[in-house]
Amino acid sequence: MKKPQELSFDQAAVFQISHAQRTGLELIWDRLEAQEPQCGFGTLGLCCRHCVMGPCRIDPLGDGPKKGVCGATADTLVARHLCRMIAAGAAAHSDHGRRPAILLKEVALGENSAYTIKDEEKLRAVAARLGISPEGEVSQVALAVAEVALSDFGKQDTRPLRFLEAYAPKKRLEHWQKLEEKLLAQTGALFGVLPRSIDREVVDIMHRTTMGMDHDPASLLLQGVRCALSDGWGGSLIATEIQDILFGTPYPRKVRANLGVLKEEAVNIVVHGHEPVLSEMIVQVAQEEELVKMAREMGAEGINVVGLCCTGNEILLRQGVPVAGNELHSELVLTTGLCEAMVVDVQCIYPALPRLAQCFHTKFISTSDQAKFPGAVHIQFFEEKAAEVARAIVRLAVENFKNRDPQKVHYPRIAEEALVGFSVEALLKALGGSVKPLVDAIAQGVIKGVAGIVGCNNPKVRQDYFLVSLCRELLKRDILVVGTGCWAIAAAKAGLMKPEAAAEAGPGVKRLCETLGIPPALHMGSCVDCSRMLVLLGAVADHLSCDISDLPVAGSAPEWTTEKAVSIGTYFVASGVPVHLWPAPPVLGSPAVTKLLTQELDSLLGGFFFVEEEPAKAARKMEEVILARRKKLGLG
Amino acid sequence: MKVLAFDAVRCMGCHSCELACAAAHLDGLSLMEAVLAGKRAPARLWVHPGRPFAVVITCRHCLRAPCMEACAPQALKRDPQTGAVVVEESLCIGCRDCVLACPFGAIRMEAGKAVKCDLCGGDPACVRHCPTGALRFVSPEEEGLRKQRRTIKTFLAKAGRKP
Ligand code: SF4
């Protein structure tokens, strides 16, 4: 068993892991240890189960087989598998985006009265962007926006997504179009990069990667690119934009982050997962007089809703709800013995959680038809009865307060303050209405550039260590850091989202932050909100009449775990941003595919992947990328 | 001295042991680095999954090793710590006599030198990587005692007595 200090960089986590180890509670790190050493074939991407002539493996070192039964080589196996990872990741983000799109339509048609349109200004702005008349009845405009979004999911023509056409910067759009033409002219074969419809690109990959289909690594990867773009400039973007319309565009607000946001005296409800549709409602009903009164009658001071992971990010940004932690905190929060309920929707919810909850009085409540858990209480969520369902959930939590065992309560009183909520709209407001001040700061060399850090925790990496250290290293080098997801929560917990944290940054970032009154690490939202970074990049590129691949920017997913991260990484690369990854993705079994990803993609798309295990080295490489691009732009 | 023990019933034919064996002999490179560098590293044990049972071929580190007896330049030595029969590469002249002498076919040639199991210095990688426990590293004496105990239990149970 490893020492808690080696497992997490977060002191609250260390405190809680020690407690779990003392009391014999099984955590994710124990399960990882039980899996080690992990399979070499899987690590390299050299196994295939796409048909039952297999399973097949390829021997990377010795005299074993170099082909699957069908004849597929290591290059095919690796590319096919990566492609499927992208499809799964894009599907997760986009299916998430579909829900608010349908909801917007229902609200517009008056079929759902549980929700309203909170941000009319954003609705009209999105409409204008899509070429829909922004004037007129709110419900009419909303319906038109929802129709465009839904048609982007399922249309059958081969034109690019309307959301992509409306949001991608001009030069980038041209680049993708020209790339398709160039590849056709050079090879005589059809290669597609521009996504036709969100669902179709996922289906295309499932078709293409089945036995006896596409075996050409480059062709497979380009379809991966197309699918990832349908996520970034499609499904994820739709999720962000429509959630803003329905629940409000985030603006800066102060919140608290880490396990110390749990309250001993209150009924604690942890909402975990990814979507805001249910959690928004829980936050709302938890303030209702009747339920608060009920909690008081139970002897609690009130009801304390806290977030976890991206559901946490969604309500953190829009409602200022405190966040208990990121992915690796999801078990730890249960071990505090303070949670009356953990309510989950979709994605990144460990199946280990219900079993752990059973060691305490905690009710583990699943709500999605798509994510059910043995050992959970399932309370089915219906959008049209959202308030009722949310009330039933909160009531169950309140009633459970009496079952809390004080003997089992053990939690760290650790929480940091953070200034969060930097949507593109909020950033533009801070900048005085245009990206120009940011562009000037970069052009004049006040800051060297901007880095985006995203992604998960992974028990293979000391929790938050890479996320936080990389951020610090970049800030020291006068590179402003923006980001989303579990990184954002890690940075908040580490205190990097307080405006005072600018003192840790290089002189340029410090000056910029002081002038604008912003922290040096900017929380842009949940993982679907990576689309906000794309929109920001697009705005800067269009402002300068250049392409994203010209801008001094770089990205990183330094503790990534999920297939969603592969999709995110790929759409950034495909949009012209070099992306750092750690751990290495399961592609190294094919030196050819590895070369494609790390070198050849650059000449096709202006972005590439690189792998680096050390935060300082990763930061140095990102800085090099940024400096090289500055040089090309003629900036010192 | 411990030996490798193989339980054919537990083997699911995943070849993890072979890859682990190759990866443990990469002169300090990691598996990923070696693959990217295009390095060749054959395994020193081979699983032949078959029906009704799998067979693993590897060196037994025989107490009276025919390969050692056959090796004229005395390139094959016994490691005093582990009891393993190991190749001293600088002495190997590539005569292949050991390959012919081995009754199990556990020695192969690679780049003109004999290559065989060295028990990884006492902590065999194949055993560590076997996900089902089909490969174990055991002392034959202890294994014998364990089997004696098991036999006694069976007899007692048959006689209706508690052991
Ligand atoms: S598709 Fe080919 S490589 Fe994959 S399992 Fe079938 S035969 Fe094996």
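The values are calculated or read from the model by the stated rules, or taken from the named source; none is laboratory data. The structure displayed is predicted, hence computed values, not measured ones. Positions of Cβ are generated from backbone atoms using ideal geometry, with glycine treated the same way; all protein chains shown enter the neighbour counts. Only protein heavy atoms, including side chains, enter the accessible area calculation; ligands, DNA and RNA are left aside. Shrake-Rupley method; radii C 1.70, N 1.55, O 1.52, S 1.80 Å.
Applying the condition of being of a type in the set (A, V, I, L, M) and part of a loop (DSSP other than H, G, I, E, B) to the stretch A:540-569 and asking which residue is nearest to A:GLY433 (Cα to Cα) yields A:LEU544.
Condition first: out of contact with any His (no Cβ under 8 Å at 6 or more places or on another chain) and part of a loop (DSSP other than H, G, I, E, B). Now tell me which residues in the stretch A:26-37 satisfy that.
Those that are out of contact with any His (no Cβ under 8 Å at 6 or more places or on another chain) and part of a loop (DSSP other than H, G, I, E, B): A:GLU26, A:LEU27, A:GLU36.
Checking every residue in the stretch A:383-396 against the condition of being in a strand (DSSP E or B) and farther than 21 Å from A:ALA490 by Cβ gives zero matches.
Remark: A:PRO55 matches the filter, which requires a residue to be out of contact with any helix residue (DSSP H, G or I) (no Cβ under 8 Å at 6 or more places or on another chain) and either open to solvent by 30 Å² or more (accessible area, probe 1.4 Å) or within 13 Å of another protein chain (Cβ to nearest Cβ) (or both).
With respect to the conditions (1) in a helix (DSSP H, G or I); (2) surrounded by fewer than 23 Cβ atoms within 10 Å (Cβ to Cβ), A:PHE572 lacks only one, and its number is (2).
Just for the stretch B:18-35: of the residues that are charged (D, E, K, R) and surrounded by fewer than 16 Cβ atoms within 10 Å (Cβ to Cβ), which one is nearest to the other protein chains (Cβ to nearest Cβ)? Restricting to residues being charged (D, E, K, R) and surrounded by fewer than 16 Cβ atoms within 10 Å (Cβ to Cβ), the top hit is B:GLU33. Of the residues that make up the stretch A:21-41, is at least one within 14 Å of chain B (Cβ to nearest Cβ), more than 30 Å from A:TYR411 (Cα to Cα), open to solvent by less than 50 Å² (accessible area, probe 1.4 Å) and within 16 Å of the ligand (Cβ to nearest atom)? Yes: one or more hits. Any idea which of A:LEU61, A:LEU46 is within 14 Å of chain B (Cβ to nearest Cβ), touching a helix residue (DSSP H, G or I) at 6+ places or on another chain (Cβ under 9 Å) and more than 16 Å from the ligand (Cβ to nearest atom)? Criteria check complete, one pass: A:LEU61.
Is it the case that the stretch A:203-212 has a residue that's within 16 Å of the ligand (Cβ to nearest atom), away from chain B (no Cβ under 14 Å) and free of Cβ contacts under 8 Å to residues at least 12 places away in the same chain? Within the stretch A:203-212, one or more residues are within 16 Å of the ligand (Cβ to nearest atom), away from chain B (no Cβ under 14 Å) and free of Cβ contacts under 8 Å to residues at least 12 places away in the same chain.
When we screen B:GLY38, B:GLY83, B:GLY13 for residues that are surrounded by fewer than 20 Cβ atoms within 10 Å (Cβ to Cβ), without any contact (Cβ under 8 Å) to a residue 40 or more places away in the chain and in a loop (DSSP other than H, G, I, E, B), the only hit is B:GLY38.
Residue count for the stretch B:141-163 satisfying the condition of being in a helix (DSSP H, G or I) and open to solvent by 60 Å² or more (accessible area, probe 1.4 Å): 15.
Taking first residues from the stretch A:65-84 that are more than 9 Å from the ligand (Cβ to nearest atom) and partners that are open to solvent by 60 Å² or more (accessible area, probe 1.4 Å) and assigned to a helix (DSSP H, G or I), the Cβ contacts under 8 Å between residues at least 6 apart in sequence or on separate chains come to A:ARG84/A:MET206.
Picking from residues in the stretch A:575-599 that are in a helix (DSSP H, G or I), in contact with a helix residue (DSSP H, G or I) (Cβ under 8 Å, 6 or more places away or on another chain) and not polar (S, T, N, Q), the one that is nearest to A:GLU559 (Cα to Cα) is A:LEU597.
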